[in-house]
Amino acid sequence: MYNYPHVAILGIDGMGNFDTKANTPNIDSLTANGSLNHFVLSENPTISAENWAAMLYGTSPQVHGKTNGYIGKFEHTDKNMPSLFSRVRTSFPDAYLTSVVNWNPINHGIIEHDINVDFATAASDALLTPKIIRRIAKKPKLLFVQFDDVDGAGHKYTYGSKEHIKQIETTDRYIGRIISAYKRAGIFDDTLFIVIADHGGIRKGHGGYSDTEKYVTFAVSGKTVLKGAMGEANTRDVCAVALYALGIDIPKYDENGFSSRVPGGIFDGQDGYTRPPVKKYTVENNDTPAFDGEHGLKRLFGNRLKLAMFFDNSLNDETGHCKFEMRDTVKYYTDGVMGSRGEFGQTGSALTKDLHVGKCGFSVGAWVRLDGKTLTGDCYICGNSDMSKRDGNGFAFTIKNYDADFTLCTADDHFTLVTPYPDDFDGGWLNIIHVIDTESRVIKVYMNFNFIRSFDIPDGMCGDFDAPIFTVGNDVPNRCNTELFPNTFNIDDLLIFDGALTDGDIRKLKEYYSFGK
């Protein structure tokens, strides 16, 4: 095995595989004798933070937990999840390492700040490129670049539009200058080059999993790289490729930890892999136990329950705290998780002025049925905030085709955490619980009663989340699921608790639903 003295990762945000429609002579010059795949899978959801972090940690978004809002607010300090830069620093204590990005949250919240990485940023790719060139003269062991203007053109003009394609061609010229700089530094032949996009787009957005969002170009070039087609790959595999090229041991594969792998078709002796197939989650429909009966929720949780809606042909709150008013028509069907399920959204929603959450924390859980990629955007499940304005105290529980979102709002700011569904989830009923622990200043997320991740709550966001009106099936002005993103969804057993649920409480709920039996 040949160990490369240098690795350069050239990331093009929002390019997807639209480079196949562009004139890119400089990228083509790298890939002419390299390994190439225009149909590599972006991580799900197809969002920047989830994918750049996946590349730099070698984990899935379900493991690393980084989101756009999160990395903009918090530095990365978790020593149990070292970045590629940290792994390289451990093996090469004196090496020059640099990350030069247009979108600064990558430097702020993904790469560690205590391992002597030279960080740089700029307001445009044109201004960024000279900073990259100056750093190449220092012969970096590892260079990471993120160009952002291609994604900006997609958001502004539409992904795949002539303006978007033109910006890809402009970025290709910047890469030409990078290639020339490596040659001037005398290290071009000793460098492994990786060209990668984080995601594509559809219309003027991304985050879903349509073909133009999820497929990206992944190219690897170097003097020992095989010429031809790269095998199956994900964006997270950038990390393993870089480690392998630098001669650093790749951690043992762990789907719940480091899961980056070297795809086939890049290096001799690396045969690639096939990721396990996804599966559908199923639950057995049972009758709803009486709320105050021997096996009921009241016996398990007592007065901690602030709301318990079973949707058994009614909008009743079994706790007796809240009386709901129906807007338009809420529908009911017999095949819920327990008893019937409710159908909300475009056809109907419900509101109450009786539910109040304060400063002491609370927990929100519900079963949501996801059958096919049918949602048009954010689908508002429940909350007490305005989805479009997101001002004033409140919270919102929303879902999309590929992730669950939870937003905390204050008068001055809002914070949204995004949690992708489990890798092996491909439709059916999914139980989602958000635990808002204001004392510990964290939010914990559970899916099907398995702990998924925790988020630190930013400074200033642990206020009072109470608001006059609480809604199920739409936001407070009744616009999100009807005007902003027309959606219909199915829900069963919406539960809201006073205070933060513990792991023991989650086990009680799992036993109550007999999940997995």
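The values are calculated or read from the model by the stated rules, or taken from the named source; none is laboratory data. Remember, predicted model here, so these are calculated numbers, not experimental data. Glycine gets a Cβ as well: all are built from the backbone with ideal geometry, and neighbour counts include every protein chain shown. The accessibility values were calculated without ligands, DNA or RNA, using every heavy atom of the protein model including side chains. Shrake-Rupley method; radii C 1.70, N 1.55, O 1.52, S 1.80 Å.
Here are some notes:
- Among the criteria (1) among the polar types (S, T, N, Q); (2) touching a Phe, Trp or Tyr at 6+ places or on another chain (Cβ under 9 Å); (3) free of Cβ contacts under 8 Å to residues at least 12 places away in the same chain, the one Thr98 does not fulfil is (3).
- The criterion of being of a type in the set (Lys, Arg), surrounded by fewer than 21 Cβ atoms within 10 Å (Cβ to Cβ), at pLDDT 95 or above and farther than 22 Å from Ala245 by Cα holds for Lys166.
- Test: residue in region 91-113 that is among the hydroxyl-bearing types (Ser, Thr, Tyr), surrounded by fewer than 22 Cβ atoms within 10 Å (Cβ to Cβ), over 14 Å from the mean Cα position of the chain (by Cα) and under 30 Å from Met461 (Cα atoms): no
- Scanning region 49-56 for any residue that is open to solvent by less than 10 Å² (accessible area, probe 1.4 Å), under 17 Å from Asp198 (Cβ atoms), among the polar types (S, T, N, Q) and modelled with pLDDT of 95 or more turns up at least one such residue.
Yes/no matrix, rows are residues, columns are (1) surrounded by fewer than 16 Cβ atoms within 10 Å (Cβ to Cβ); (2) of a type in the set (Phe, Trp, Tyr); (3) part of a loop (DSSP other than H, G, I, E, B):
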residue	(1), (2), (3)
Asn303	yes, no, no
Asp312	no, no, yes
Asp335	yes, no, yes
Phe344	no, yes, no
Val357	no, no, yes
Cys360	yes, no, yes
Val368	no, no, no
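- Screening Leu417, Leu351, Leu375, Leu408 for residues that are among the hydrophobic types (A, V, I, L, M, F, W, C) and not in a strand (DSSP E or B) leaves exactly one candidate, Leu375.
Residues checked against (1) free of Cβ contacts under 8 Å to residues at least 12 places away in the same chain; (2) over 23 Å from Phe39 (Cβ atoms); (3) part of a strand (DSSP E or B); (4) open to solvent by 10 Å² or more (accessible area, probe 1.4 Å):
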position: Ala181; (1), (2), (3), (4): no, yes, no, no
position: Ile194; (1), (2), (3), (4): no, no, yes, no
position: Tyr209; (1), (2), (3), (4): no, no, no, yes
position: Val216; (1), (2), (3), (4): no, no, yes, no
position: Val225; (1), (2), (3), (4): no, no, no, yes
position: Pro251; (1), (2), (3), (4): no, yes, no, yes
position: Glu255; (1), (2), (3), (4): no, no, no, yes
position: Phe258; (1), (2), (3), (4): no, yes, no, yes
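- Residue satisfying all of: in region 385-428; open to solvent by 10 Å² or more (accessible area, probe 1.4 Å) and aliphatic (A, V, I, L, M); farthest from the chain's Cα centre (by Cα) among these: Ala411
- Scanning region 5-48 for residues that are among the aliphatic types (A, V, I, L, M), part of a strand (DSSP E or B) and either open to solvent by 10 Å² or more (accessible area, probe 1.4 Å) or closer than 14 Å to Val145 by Cβ (or both) turns up Val7, Ala8, Ile9, Leu10, Ile12, Leu36, Leu41.
- The requirement of being closer than 30 Å to Leu370 by Cα and in a strand (DSSP E or B) is not satisfied by Val220.
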